Amino acid sequence: MIRDGFIAVGHASETDGDAHAALEEPAMVVYAFDVDETLEVSNGPVKLADLVMLREHGHIVGLCGNWAMVTRQCPDWHRICSFVGPCGIEKDDFLRQLRQYIPGDDYVMVGNILGMSGASDDRGAAERAGWRFIQEREFAKGVR
């Protein structure tokens with residue numbers, strides 16, 4: 001169970017009568033970020049430093065959008081991103097593949113809401129792929 005960014009990995013002892021709290025480990029979250037109007041390199045509110053911080057906390061971070069904008073502008077992009085895409089497929093198909101082949105405790109797409117905050121339907125792609133969605137401006141405010 002994921003609670004406050006951690007996953008419970010143990011249970012209370014039933015043999016010695018003591019109520020031991022469950023051991024908790026940080027949850028491994030796979031984050032996929034749209035680029036245009038999401039990341040700062042393309043007129044968005046999300047800072048690349050936020051992606052670095054997620055990596056430092058043990059999460060998997062990658063791009064699901066106009067990834068060339070990042071690879072061209074950030075020489076160290078490969079130290080931040082574990083994946084870039086989609087390449088020749090729709091975003092929801094890319095997200096499905098990531099979920100199938102990358103183990104994680106949670107899967108989060110950060111991006112735009114079509115007609116509200118950008119030109120791409122990132123919320124729809126996340127919903128179709130079974131990912132949790134966070135709008136870019138909410139992520140920039142600290143929502144995780």
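Bear in mind that the values in this text are calculations on the coordinates, not laboratory data. All values reported here derive from a predicted model rather than from experimental measurement. Positions of Cβ are generated from backbone atoms using ideal geometry, with glycine treated the same way; all protein chains shown enter the neighbour counts.
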Of the listed residues (G62, G104), the one being assigned to a loop (DSSP other than H, G, I, E, B) and surrounded by fewer than 21 Cβ atoms within 10 Å (Cβ to Cβ) is G104
Pairs, please: C-beta under 7 Å, at least 6 apart or cross-chain, first residue at positive phi and in the stretch 40-52, second among the charged types (D, E, K, R) and surrounded by 14 or more Cβ atoms within 10 Å (Cβ to Cβ)? N43/E37
Go through the stretch 94-121 and count every residue that is in contact with a helix residue (DSSP H, G or I) (Cβ under 7 Å, 6 or more places away or on another chain) and not hydrophobic (A, V, I, L, M, F, W, C). 6
